[in-house]
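Colleague: Following this message is one structure expressed as structure tokens.
The values are calculated or read from the model by the stated rules, or taken from the named source; none is laboratory data. Since the structure is predicted, the reported quantities are computational estimates derived from the model, not experimental observations. With ideal geometry, Cβ positions are generated from the backbone for all residues, glycine too; neighbour counts draw on all protein chains shown. Heads up: the accessible areas ignore ligands, DNA and RNA and are worked out on the full protein's heavy atoms, side chains in. Shrake-Rupley method; radii C 1.70, N 1.55, O 1.52, S 1.80 Å.
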Protein chains: 2
Amino acid sequence: MLTRATLGCYVFETGYIRVIAVSSIRELARRCGVSVATVSRVFNTPEVVSQQTRQLVLGMAAEIGYLPNESARTLATKKSNMVGLVWDTDHRRPGWRHPFLQDILVALKSALSAHGLHLLMLAPDPGAGPGDPRRFLRAVQRHNVDGVVIIDNGSRDPAVLALVDSEVPCVALDLRFTGPTCTYITSDNAGGGRLAGAHLIERGHRHIATITGPARNWPAAQRLAGFREALTEAGIPLADDDVVAGDFYLDSGHAAMTKLLARDPRPTAVFAAGDEMAVGAIKAIREAGLRVPDDVAVIGFDDIEVAALIPPGLTTVTQDKTGFGTAAAESLTAMLAGTATPPEPTTLPTTLILRGST
Amino acid sequence: MLTRATLGCYVFETGYIRVIAVSSIRELARRCGVSVATVSRVFNTPEVVSQQTRQLVLGMAAEIGYLPNESARTLATKKSNMVGLVWDTDHRRPGWRHPFLQDILVALKSALSAHGLHLLMLAPDPGAGPGDPRRFLRAVQRHNVDGVVIIDNGSRDPAVLALVDSEVPCVALDLRFTGPTCTYITSDNAGGGRLAGAHLIERGHRHIATITGPARNWPAAQRLAGFREALTEAGIPLADDDVVAGDFYLDSGHAAMTKLLARDPRPTAVFAAGDEMAVGAIKAIREAGLRVPDDVAVIGFDDIEVAALIPPGLTTVTQDKTGFGTAAAESLTAMLAGTATPPEPTTLPTTLILRGST
DNA sequence: CGGTTTCATGTAACCGATTACATCAGATGA
DNA sequence: TCATCTGATGTAATCGGTTACATGAAACCG
């Protein structure tokens, strides 16, 4: 296909690729000797147009390189086939740096593509002030965005809530937002917490601590609840001092673990509610001259890339990142199709991944 | 601000936030008793409209919640304020799994936001076949996308080349595409390679191997060239068998290192042209019962998150990810402003990050 | 054979902006 | 005083689609 370079610019055997002077529906109609309505029907409701005309139009369209103009369609139909993505609303702590969320984005993008939906990363409307709670809603309205996916690190930004409370269909990922036009996708966090607890117990641990997430973070709370349940069932106590909160990022895991290692007696195993924190914990354990898993066993949550890479390999509870993407795309398309009520929230199963750290 | 929850749905003191029946420019003009042209001028060329009228219109606009419709503007002006993002064109090996590219995306997004540009992640045009080289170009044309940013793992997808060769302004990241409407941003890969080589030499190594990228990958070739230069200057030979190619991903680094360890005598240091490969290499070294850096020192390239996390810490050459984002946004806005020739390619400086692996 | 369906297509209004051009009042200048 | 310029605004065409409604031919039917 590729033949030679001119001007540092690759060319095809078919010649220099250039943007065709995109022709309008009227031009195409004229060339075909039919009305614009007929052409429009060929692309939107082909079944009502005769076989003959359809082929004539499609053939001519291919010949002159006709492409429907999406702006004009959006203007006429008020549907844009674009899904807005809201992220990074809190600039002090950009959620996007978190590898787990990045993985989800990848999955989301391809799931939406499969439904023919484009993903528009929304910049706050420049016409609105930085504190304006409508700054995303405004952008959404201006662009006739059909629906919105919210990926946020739980900052409860008023601008996000304004979206959730609006009439725009929303799907929140890993956040519990619901409403007449909003649903959400999460993992079975409680189940995952239970898995983690049960696994450590099964490995023979009787003094188990946990590094949990921020107190008001719902997934974190669920993970803790499930974990607690597993301990209670096994009749193992969980002292208040064995529960330390982090913020899902590395340093907080390190700090929390340092605190836990100061306990006497110190726990023989730790469940960290996020892999980044688990990695931080492992670091702290090593720095204290102790070994993982011999002195302290560590289990994480998320299964981010690093988990498999750091020695001795982090045992963790994996979340179905691809599932997040496809579930979001499906919930959203259901809402776009105009169901009376939003789809039920989706809970994705979690599974245990065994590695060397336990 | 936030007061109470109903239906799991947060509300504001101002009441339930709903999408206002967005009013049109005609409605606004009517309410103000002026013509639509005047209203349009208030938003686009405020300086030609009288102070008095301007305030009247702006006040009324705020009152009725008027927001200009972007589709209509795009239709009229043929400018959409949207930048298309092309990624993941090669489905067999999604570049987006690579953390380095993910970091760049984050930077790009915020740099474009600062210029008031939205980022549209392009799905291939559904009207085109999967092999159609115009599948992205078509999507770009349909949506009146102003310009395109290309982030790709060097797969040389014809669909990407079609964009580069089109009249649409393009900026390629970490890829050397140029043309009358295209420029690119890369790191100083040769300089980085030189840094890596010089560092290992300074550490006293005299038998140094390298795990390079794919042969036809330009950044990889540059890194190798710089590395070679450093060795040559120091009078240290580089045997052909000490150069093994990988594909930037983990497993290839592991495989390459395994091959290198079989050499006799085996190299005492390795420069991997990407951090993922470096991590794979470290894994292989450990599996062989050897220690890093005592038996074999390793230096990487990229400075992805893992580099800081795996013990003993990966010494690496860092790329300026934020710089990629801002440079791309600037080059693009320059082209959108309509310069005759595209801006010169940008080369971002690389620096050495010292950690435990060397 | 006339009336009713059905099917394919055309006509024209509409979506919500931009902008070339026209208009007109008031200021300027000879 | 009248021609000219300037500044503010209005008129109406245009961008490229969709779609309610109208039309007309062919098929069907008793």
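Colleague: Would you confirm whether or not segment A:8-21 contains a residue that is within 12 Å of DNA strand D (Cβ to nearest atom), under 30 Å from B:C182 (Cα atoms), modelled with pLDDT under 95 and open to solvent by 70 Å² or more (accessible area, probe 1.4 Å)?
Modeller: The answer is yes, given that some residue of segment A:8-21 is within 12 Å of DNA strand D (Cβ to nearest atom), under 30 Å from B:C182 (Cα atoms), modelled with pLDDT under 95 and open to solvent by 70 Å² or more (accessible area, probe 1.4 Å).
Colleague: How many residues, within segment B:44-87, are assigned to a helix (DSSP H, G or I) and either within 13 Å of DNA strand C (Cβ to nearest atom) or away from chain A (no Cβ under 14 Å) (or both)?
Modeller: Result for segment B:44-87: 24.
Colleague: Out of B:F227, B:F248, report the one residue that is touching a residue at least 60 places away in the same chain (Cβ under 8 Å) and surrounded by 24 or more Cβ atoms within 10 Å (Cβ to Cβ).
Modeller: Only one candidate passes the filter, namely B:F248.
Colleague: In segment B:97-126, what residues are assigned to a helix (DSSP H, G or I), at the interface with chain A (Cβ under 9 Å from one of its Cβ atoms) and in contact with a strand residue (DSSP E or B) (Cβ under 6 Å, 6 or more places away or on another chain)?
Modeller: B:K109, B:L112
Colleague: Residue under question is B:A196, and the condition is that it be of a type in the set (G, A, S) and part of a loop (DSSP other than H, G, I, E, B); does it hold?
Modeller: When the stated conditions are applied, B:A196 does not pass them.
Colleague: Let me ask something additional. Applying the selection to segment A:141-195, what residues are out of contact with any strand residue (DSSP E or B) (no Cβ under 7 Å at 6 or more places or on another chain), open to solvent by less than 10 Å² (accessible area, probe 1.4 Å) and over 24 Å from A:G226 (Cβ atoms)?
Modeller: A:A159, A:A162, A:S166
Colleague: Only residues that are in a loop (DSSP other than H, G, I, E, B) and open to solvent by 60 Å² or more (accessible area, probe 1.4 Å): list them for segment A:344-358, please.
Modeller: A:E344, A:P349, A:L354, A:R355
Colleague: If you don't mind, another one. Output yes when any residue across segment B:68-86 is out of contact with any Lys or Arg (no Cβ under 6 Å at 6 or more places or on another chain) and at pLDDT below 90, and no when none is.
Modeller: yes
Colleague: Sticking with this one: Could you please find all residues in segment A:263-285 being touching a residue at least 24 places away in the same chain (Cβ under 8 Å) and open to solvent by 30 Å² or more (accessible area, probe 1.4 Å)?
Modeller: Correct list: A:R263, A:P265, A:R266, A:T268, A:K283.
Colleague: Among the residues of segment A:34-80, write down those that are closer than 20 Å to B:P124 by Cβ, open to solvent by 20 Å² or more (accessible area, probe 1.4 Å) and away from DNA strand D (no atom under 11 Å from the Cβ).
Modeller: Correct list: A:L58, A:A62.
Colleague: Here is a list of conditions, (1) surrounded by fewer than 20 Cβ atoms within 10 Å (Cβ to Cβ); (2) away from chain B (no Cβ under 14 Å), and A:W218 meets all of them except one; can you say which number that is?
Modeller: So A:W218 meets the others, but not (2).
Here is a yes/no grid of residues against (1) open to solvent by less than 10 Å² (accessible area, probe 1.4 Å); (2) of a type outside the set (A, V, I, L, M); (3) not assigned by TED's automatic domain parsing to the domain that holds A:R223:
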{"position": "A:T258", "(1), (2), (3)": "no, yes, no"}
{"position": "A:L261", "(1), (2), (3)": "no, no, no"}
{"position": "A:E287", "(1), (2), (3)": "no, yes, no"}
{"position": "A:V298", "(1), (2), (3)": "yes, no, no"}
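Colleague: What tally of residues in segment A:303-315 results from selecting those that are within 14 Å of another protein chain (Cβ to nearest Cβ) and open to solvent by less than 10 Å² (accessible area, probe 1.4 Å)?
Modeller: Looking only at that region, the number is 6.
Colleague: Being at negative phi, at the interface with another protein chain (Cβ under 8 Å from one of its Cβ atoms) and open to solvent by less than 10 Å² (accessible area, probe 1.4 Å), is that true of even one residue in segment B:127-134?
Modeller: Checked against the condition, which is being at negative phi, at the interface with another protein chain (Cβ under 8 Å from one of its Cβ atoms) and open to solvent by less than 10 Å² (accessible area, probe 1.4 Å), segment B:127-134 yields no hits at all.
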